[in-house]
């Protein structure tokens with residue numbers, strides 16, 4: 001009995017300790033991992049004295065937790081690494097309208113929610129990569145053209161379960177309609193050189209090793225890999241430059257509807273869109289700043305400039321389920 | 001009807017079952033609305049293929065872990081051959097490697113772009129094509145290598161506990177060692193083997209990390225696809241509740257198959273029964289060594305290589321905190337879970353009614369669900385408790401009216417308790433069953449009862465089983481990812497959180513540092529435990 005009483009007391013105490021929250025701090029649920037977000041928070045704390053507390057997890061569990069906590073949530077801000085999940089958070093009503101002149105001035109409209117409840121912070125281009133040994137850049141033109149017969153047995157793709165591919169397919173549906181998109185996706189699947197990969201890095205390594213000739217991945221995976229293997233026999237190609245441009249997704253954030261410290265959270269988010277923070281935020285992961293006034297880091301700029309798709313990024317969320325079902329039907333595993 | 005003395009055990013068992021039922025009822029309540037579009041889509045394009053995949057996987061892993069686990073346990077527990085002394089505990093080490101880590105090491109090492117195939121292409125020309133690595137066979141091999149220790153540990157304990165009397169009697173009656181194994185030792189160890197097999201199958205059904213690395217789609221894949229891609233947590237929980245049903249069938253089957261065999265404790269043997277010589281000894285050493293090499297040495301070497309290439313630049317003072325958090329959570333969870341499981345095992349033994357059997361069965365269901373699903377269900381249950389109970393209560397008592405449960409350490413430990421109850425309960429129930437009722441009866445007649453009976457009679461006999469249970473829970477908590485991610489208090493990052501962060505970015509090589517640290521932290525208790533129980537034979 002004595003033991004169980006003291007155990008109970010210990011539980012209660014530790015439970016209490018978890019709930020204490022200071023006034024001058026912002027609490028963040030982040031799908032962006034520790035090492036890609038903490039330096040930004042540290043810089044803000046140093047500048048303003050405002051502390052930032054956060055936990056990292058995948059978007060879906062974090063969103064489920066925000067919904068479950070409702071008005072009792074300790075979280076002030078939600079950070080995701082794709083637009084689809086921000087759109088979904090907005091649909092579930094866990095974000096509040098930002099209504100900020102600073103953010104509207106810093107970030108172009110297609111990288112923000114049309115209702116103003118979230119903003120993009122960095123752009124993630126998903127483009128074509130090719131083997132410099134077996135492909136001439138002039139053989140490449142568009143994402144759609146990778147469905148042509150001449151790429152049979154030469155294409156590598158990542159799994160359709162990854163949100164980046166779902167977003168890409170969602171924008172294809174928005175552009176071409178479902179029927180034509182399904183044809184394109186079926187063409188891609190028919191051209192696969194091997195089973196789809198679980199991650200982008202493995203895919204790039206497969207192009208380098210000669211398992212396939214072309215593939216579609218996010219640029220920062222290439223940036224990381226080429227840093228370790230400077231003589232990687234793979235290069236990026238910017239497709240669809242004659243029409244809509246390269247597909248971009250984004251990492252972004254919104255302030256939660258029931259934020260205990262909404263004002264401080266909004267100030268932090270506004271700061272993250274300024275020139276001061278944008279360079280750091282994007283450079284941490286070799287991404288492109290969402291604020292067009294901020295140049296990309298030199299190593300990213302070295303890949304060349306390109307025209308990005310001007311489609312509103314929230315399309316990725318609106319059409320995500322539809323896109324995934326289409327990919328399932330087309331046999332993209 | 002239960003005897004009054006038996007009824008005393010009901011509150012304990014009911015409380016634990018209720019705790020487990022709370023998140024499980026979240027799953028069942030999800031059936032209030034059905035999204036026909038999602039279900040039709042899943043049925044037409046996914047489920048038939050995924051269910052076939054899952055069936056093949058469970059069958060392959062089930063057969064594999066039984067063959068490996070039983071053969072290794074038999075050799076190390078009853079035979080003497082070169083290397084047995086260290087292989088005895090070394091064969092338990094693969095358990096410290098999380099399934100997803102072995103999966104990415106296996107694929108990273110053997111896939112087309114990996115070092116082995118690159119080397120072979122350099123030798124034999126670039127047209128060389130080997131069998132696909134990311135295949136059904138590959139994923140089965142990986143899961144067998146990480147899950148066989150469940151069977152090995154429990155079967156080994158059973159073989160050790162069988163004592164020398166029976167096997168010597170078998171020998172005197174003219175049975176060859178092979179016949180004695182099939183006709184005496186194996187049937188008597190069947191409950192233990194069944195318990196280990198059930199754990200391995202439940203792990204296989206719930207696994208998401210390892211199958212993702214192979215992009216091998218199972219039923220669990222469909223759950224995540226529905227949740228992450230179709231944004232339908234409701235449909236995902238419906239799928240999860242179907243998986244739960246499948247697991248209940250597995251558990252029921254295990255109970256049935258266990259049948260009427262009653263394991264008994266005899267005097268432990270003084271020395272090994274069979275001294276293998278010549279070819280037999282060589283074959284035994286080779287077989288045990290091979291499994292140890294594939295399940296532990298090779299993956300750890302690969303992790304070391306990656307650590308040297310990438311991970312060493314990440315090593316800094318933060319790792320002290322990561323290790324301390326990991327140890328604390330693992331240790332506390334093991335202590336709490338084993339204590340509660342022990343109470344349940346006693347409850348079932350001393351009050352063996354149908355109601356009690358069902359209650360204990362319910363209390364063990366948490367293990368079967370995919371980690372993330374269970375984590376979300378627990379999170380939903382706790383936030384409901386916060387909203388309905390904690391906040392009104394704290395307001396009424398003049399408190400801050402804030403949620404206390406979710407995001408607290410105690411909530412995370414309770415989540416571990418719910419998830420890993422079955423892991424602790426299996427070994428404990430087994431050891432308890434080996435204690436013949438005549439023993440406590442005799443003690444009582446000699447005037448030793450109550451607390452004294454527990455500490456002087458039960459506890460010494462239960463210690464090996466309790467240590468096995470504590471070890472399994474400790475290492476499982478170390479490796480646990482989804483509940484830790486979702487429910488950890490701010491700042492409580494652990495090694496597995498770090499592994500998640502690296503692997504979610506496809507940075508397999510950099511995940512080697514936290515993964516390797518995790519393995520090292522998990523190793524120590526494994527070695528201690530096995531050496532301790534091995535003393536009984538040496």
Report whether or not residue B:355 is more than 14 Å from every other protein chain (Cβ to nearest Cβ), surrounded by fewer than 18 Cβ atoms within 10 Å (Cβ to Cβ) and part of a helix (DSSP H, G or I).
yes
Residue under question is residue B:395, and the condition is that it be within 14 Å of another protein chain (Cβ to nearest Cβ), surrounded by 12 or more Cβ atoms within 10 Å (Cβ to Cβ) and in a helix (DSSP H, G or I); does it hold?
yes
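Looking at B:406, B:414 in this structure, which one is farther than 30 Å from residue B:89 by Cβ, within 14 Å of another protein chain (Cβ to nearest Cβ) and modelled with pLDDT of 90 or more? Outline the logic, then answer.
Values: B:406 fails: modelled with pLDDT of 90 or more.
The unique qualifying residue is B:414.
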Give just the number: which of (1) out of contact with any helix residue (DSSP H, G or I) (no Cβ under 6 Å at 6 or more places or on another chain); (2) within 25 Å of residue A:197 (Cα to Cα) does residue B:217 not satisfy?
(1)
Got a sec? Which of A:183, A:179, A:174 is in contact with a helix residue (DSSP H, G or I) (Cβ under 7 Å, 6 or more places away or on another chain), surrounded by fewer than 22 Cβ atoms within 10 Å (Cβ to Cβ), away from chain B (no Cβ under 14 Å) and in a helix (DSSP H, G or I)?
A:174
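With respect to residue A:194, is the statement that it is in contact (Cβ under 8 Å) with a residue 12 or more places away in the chain and in a loop (DSSP other than H, G, I, E, B) true?
yes
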Where residue B:377 falls short, out of the listed (1) within 20 Å of residue B:510 (Cα to Cα); (2) surrounded by 18 or more Cβ atoms within 10 Å (Cβ to Cβ)
(1)
Quick check on residue B:338: is it within 12 Å of chain A (Cβ to nearest Cβ) and surrounded by 15 or more Cβ atoms within 10 Å (Cβ to Cβ)?
no
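Check the range A:36-47 and report whether any residue there is part of a helix (DSSP H, G or I), more than 21 Å from the chain's Cα centre (by Cα) and under 17 Å from residue A:255 (Cβ atoms).
yes
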Which one is nearest to the chain's Cα centre (by Cα) among residues in the range A:289-305 that are surrounded by 18 or more Cβ atoms within 10 Å (Cβ to Cβ) and assigned to a loop (DSSP other than H, G, I, E, B)?
A:290
Do we have residue A:270 as in contact with a helix residue (DSSP H, G or I) (Cβ under 9 Å, 6 or more places away or on another chain) and crowded, with 22+ Cβ neighbours inside 10 Å here?
no
Look at residue B:440 and say whether it is more than 9 Å from chain A (Cβ to nearest Cβ) and either surrounded by 16 or more Cβ atoms within 10 Å (Cβ to Cβ) or farther than 15 Å from residue B:486 by Cβ (or both).
yes
So residue A:193 ticks every box in (1) within 14 Å of chain B (Cβ to nearest Cβ); (2) touching a strand residue (DSSP E or B) at 6+ places or on another chain (Cβ under 9 Å); (3) within 30 Å of residue A:41 (Cβ to Cβ) but one. Which box is left unticked?
(3)
The one condition in (1) within 30 Å of residue B:273 (Cβ to Cβ); (2) outside any helix (DSSP H, G or I); (3) in contact (Cβ under 8 Å) with a residue 12 or more places away in the chain that residue B:175 fails to fulfil
(3)
Given the condition surrounded by 18 or more Cβ atoms within 10 Å (Cβ to Cβ), out of contact with any strand residue (DSSP E or B) (no Cβ under 7 Å at 6 or more places or on another chain), at positive phi and within 14 Å of chain B (Cβ to nearest Cβ), answer yes or no: does some residue in the range A:251-260 qualify?
no
Can you report the number of residues in the range A:145-163 which are surrounded by fewer than 22 Cβ atoms within 10 Å (Cβ to Cβ) and part of a helix (DSSP H, G or I)?
4
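Among the residues of the range A:232-248, how many are under 29 Å from residue B:129 (Cβ atoms) and either more than 14 Å from chain B (Cβ to nearest Cβ) or assigned to a helix (DSSP H, G or I) (or both)? Don't jump to the end; show me each part of the working.
At the first step, the residues of the range A:232-248 found to be under 29 Å from residue B:129 (Cβ atoms) are A:232-237.
Remaining after also requiring either more than 14 Å from chain B (Cβ to nearest Cβ) or assigned to a helix (DSSP H, G or I) (or both): A:235-237.
Summing the residues that are under 29 Å from residue B:129 (Cβ atoms) and either more than 14 Å from chain B (Cβ to nearest Cβ) or assigned to a helix (DSSP H, G or I) (or both) in the range A:232-248 gives 3.
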Evaluate the range A:78-93: report whether one residue or more is free of Cβ contacts under 8 Å to residues at least 60 places away in the same chain and within 9 Å of chain B (Cβ to nearest Cβ).
yes
Show the residue pairs that are 6+ apart or on different chains and have beta-carbon atoms under 6 Å apart, the first residue being within the range A:315-333 and within 10 Å of another protein chain (Cβ to nearest Cβ), the second being at pLDDT below 95 and part of a loop (DSSP other than H, G, I, E, B).
A:321/B:230
Would you point out which residue out of B:59, B:78, B:119 is surrounded by fewer than 18 Cβ atoms within 10 Å (Cβ to Cβ), farther than 16 Å from residue B:294 by Cα and more than 24 Å from the chain's Cα centre (by Cα)?
B:119
Quick check, is residue A:304 outside the structural domain of residue A:137 (by TED's automatic domain parsing), on the phi > 0 side of the Ramachandran plot and out of contact with any helix residue (DSSP H, G or I) (no Cβ under 8 Å at 6 or more places or on another chain)?
yes
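Return the residues of the range B:208-222 that are part of a helix (DSSP H, G or I) and within 11 Å of chain A (Cβ to nearest Cβ); say none if nothing qualifies.
B:209, B:210, B:211, B:212, B:213, B:214, B:221, B:222
Here's the yes/no breakdown for (1) closer than 22 Å to residue A:199 by Cβ; (2) touching a helix residue (DSSP H, G or I) at 6+ places or on another chain (Cβ under 6 Å); (3) outside any helix (DSSP H, G or I); (4) at pLDDT below 90:
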| residue | (1), (2), (3), (4) |
| --- | --- |
| B:87 | no, yes, no, no |
| B:95 | no, yes, no, yes |
| B:106 | yes, yes, no, no |
| B:133 | yes, yes, yes, yes |
| B:137 | yes, no, no, no |
| B:155 | no, yes, no, no |
| B:168 | no, no, no, yes |
| B:182 | no, no, no, yes |
| B:196 | no, yes, no, no |
Yes or no: the range B:465-477 includes at least one residue that is without any contact (Cβ under 8 Å) to a residue 24 or more places away in the chain and more than 14 Å from chain A (Cβ to nearest Cβ).
no
Consider the range A:216-229. How many of its residues are over 19 Å from residue B:108 (Cα atoms) and more than 11 Å from chain B (Cβ to nearest Cβ)?
3
Going by the structure shown, is residue A:211 at the interface with chain B (Cβ under 9 Å from one of its Cβ atoms), in contact with a strand residue (DSSP E or B) (Cβ under 9 Å, 6 or more places away or on another chain) and more than 24 Å from residue A:84 (Cβ to Cβ)?
yes
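Within the range A:250-260, can one find any residue that is in contact (Cβ under 8 Å) with a residue 60 or more places away in the chain, over 21 Å from the mean Cα position of the chain (by Cα) and under 23 Å from residue A:107 (Cβ atoms)?
Scanning the range A:250-260 turns up at least one residue that is in contact (Cβ under 8 Å) with a residue 60 or more places away in the chain, over 21 Å from the mean Cα position of the chain (by Cα) and under 23 Å from residue A:107 (Cβ atoms).
The values are calculated or read from the model by the stated rules, or taken from the named source; none is laboratory data. Keep in mind that this is a model prediction, so the values were computed, not measured. Don't worry about glycine lacking a Cβ; one is built from the backbone with ideal geometry, like all the others, and counts go over all protein chains shown.
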